[in-house]
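Derivation of every value follows stated rules applied to the coordinates shown; laboratory data play no part. What you are looking at is a predicted structure, and each value in this text was computed from that prediction instead of being measured. Every residue, glycine as well, gets a Cβ built from its backbone with ideal geometry; the counts of neighbours run over all protein chains shown.
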Amino acid sequence: GALPEKVLRRPEPGKQMFPMDWSRDGRMILVQQFQSSGGPDQSDLWVVPMSGEEKPFPYLATSFNEGEPALSPDGRWLAYVSNESGSAQVVVQPFADPSSGNWQISAKGGHYPRWRRDGREIYYLDPDRQIVAVSVTTTDRKFDVGKATNLFTAPFPFPANSAGALQIPSDVAPNGQRFFASALLPTSSTSSQTPITVITNWMSTLRR
């Protein structure tokens, strides 16, 4: 709150923009842009530079849906979700030039890609609600996909479409050993159990 708000880019008429990730050096924001003319889920990936001298530019703007961008810690690779294969899959391409190849990370569908801080693992959610870890090896111009391992069942559902995946429900600690997630609490329609809130040391609140 120390500085006033600053408009970086206004969406064009008929389009909506959602910031999804940013580079570690703070120089650019990765944006998912929806186009109303292409249907409710038609989306592309744009890069918004933080410098006022540079203009936003498209990273991927195709007839398919691209979304949920996650930039690698070194800023050289971008993981995102695409339906080009017919279903939502996690894909990795070089950044900021996507023309030199792509690699599919997920096996049977995926959403919410995240990177480990050292760039050697990618995590995503599969249709069975499994958080999957995939080892990757990167160099300046080479990307290799390694073994995939199911880690645990996520406390949130697999989204039905790209519009339902705008709010990333989880993140991973830098060392990949802990995950933080928005869990779904049981409701009357999903469970007969009613949650109970326990407040400890409640007498101290009365003294205040």
HN-Hα J couplings of the range 51-56 from phi, Karplus 6.51/-1.76/1.60, θ = phi - 60°, integer Hz, Gly and Pro as x?
-> 6, x, 7, 9, 9, x
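Rounding to the nearest 20 debye, state how big the charge dipole of the chain is about its Cα centre with +1 on each Lys and Arg Cβ and -1 on each Asp and Glu Cβ.
Details: 20 positive and 20 negative charges, 144 e Å.
Rounded to the nearest 20 debye, it is 700 debye.
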Could you give the size of the charge dipole of the range 1-96 about its Cα centre, using +1 on the Cβ of each K and R and -1 on the Cβ of each D and E, expressed in debye and rounded to the nearest 20?
-> 240
When you count, for each residue, the other Cβ atoms within 10 Å and take the mean per peptide, how do 7-13, 64-70, 130-136, 148-154 rank with the highest first?
-> 64-70, 130-136, 148-154, 7-13
Ratio for the range 74-171, C-alpha Rg to 2.2 N^0.38 Å, reads 1.02
Stretched out fully, how many nm does the piece from PHE57 to SER99 gain, at 0.36 nm a residue minus the Cα gap?
-> 13.6 nm
Can you run the Rg to Rh ratio on the chain? Use alpha carbon positions and the Kirkwood inverse-distance Rh.
-> 1.04
In straight Cα distance, which lysines are under 27 Å from LYS15, not counting same-chain residues fewer than 8 positions off?
-> LYS6, LYS55
Where does the chain land at 222 nm, in deg cm²/dmol rounded to the nearest 500, when only DSSP H runs of n ≥ 4 count, each adding -39500 (n - 2.57), divided by all residues?
-> -500 deg cm²/dmol
